[in-house]
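Reading through the structure tokens given below for one structure.
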Ligand code: MN
């Protein structure tokens, strides 16, 4: 199975002023596209993994750097474009909101915890909200293009991710330069909580 770059499904400028059009154009068309191209190349030498879905692949690639970096990159960005798709609810509701309150006390406390995960990730990586095996939700972060589905490589971050934030500089440098906190604050204005809720339901 060959992997392909998913369409964004919305215009590059749809997330302005929070995420600028040029960043979206380069991030999706160049960075993500390169992960897809390099993943397909790496799978040529690993034919046993070529039939797996992108999600299934994540648990199998921690020991193969080219697959870990590019397979993770493809999965992570594919999730990212969806959770920042324009429209949808601007806050969680129902069962997901209750799970967040249960784990963090309030939505604001969750946001603080998530922002801290993104801020304290040294260098490049991701912040995540995920559903854990005990049915609770939690926040964590992973380096590089790792993600919580990568088995032992996920460290203490094992969960099914339902919301992710790219904190690589390529995700924000054009608009925010070194101001990662401003980028993370802006992120909350573009999160599509309907998509996050659908991810939560699918993860159960
Ligand atoms: Mn990225």
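Which residue, of 110, 114, is away from the ligand (no atom under 16 Å from the Cβ), assigned by TED's automatic domain parsing to the domain that holds residue 150 and either more than 17 Å from residue 142 (Cα to Cα) or part of a loop (DSSP other than H, G, I, E, B) (or both)?
Details: 114 fails: either more than 17 Å from residue 142 (Cα to Cα) or part of a loop (DSSP other than H, G, I, E, B) (or both).
Only one candidate qualifies: 110.
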Check your understanding: residue 43: in a helix (DSSP H, G or I), away from the ligand (no atom under 16 Å from the Cβ), surrounded by 18 or more Cβ atoms within 10 Å (Cβ to Cβ) and not assigned by TED's automatic domain parsing to the domain that holds residue 195, yes or no?
Key -> yes
Revision key, fill the gap. Across (1) away from the ligand (no atom under 12 Å from the Cβ); (2) exposed (fewer than 15 other Cβ atoms within 10 Å of the Cβ); (3) modelled with pLDDT of 95 or more, residue 34 clears everything bar (1)
Review point. Would you pick out the residues in the stretch 89-100 that are touching a residue at least 40 places away in the same chain (Cβ under 8 Å) and at negative phi?
Key: 89, 90, 91, 92, 93, 95, 96, 99
Point to revise | Matching residues in the stretch 101-120 - criterion: being without any contact (Cβ under 8 Å) to a residue 60 or more places away in the chain, within 17 Å of residue 179 (Cβ to Cβ) and in contact with a helix residue (DSSP H, G or I) (Cβ under 9 Å, 6 or more places away or on another chain) | key: none
Check your understanding: Which number in (1) in contact with a helix residue (DSSP H, G or I) (Cβ under 9 Å, 6 or more places away or on another chain); (2) part of a helix (DSSP H, G or I); (3) surrounded by fewer than 16 Cβ atoms within 10 Å (Cβ to Cβ) marks the one condition that residue 17 misses?
Key -> (2)
Check your understanding: Out of all the residues in the stretch 31-42, which are in contact with a helix residue (DSSP H, G or I) (Cβ under 9 Å, 6 or more places away or on another chain) and free of Cβ contacts under 8 Å to residues at least 40 places away in the same chain?
Key -> 34, 36, 37, 38, 39, 40, 41, 42
**Study point:** Residue list for the stretch 130-168, restricted to those being in contact with a helix residue (DSSP H, G or I) (Cβ under 8 Å, 6 or more places away or on another chain), within 16 Å of the ligand (Cβ to nearest atom) and not in a loop (DSSP other than H, G, I, E, B)
**Key:** 141, 142, 161, 163, 164, 165, 166
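The values are calculated or read from the model by the stated rules, or taken from the named source; none is laboratory data. Everything quoted here is computed from the prediction, not taken from an experiment. Positions of Cβ are backbone-derived with ideal geometry, glycine not excepted, and every protein chain shown enters the neighbour counts.
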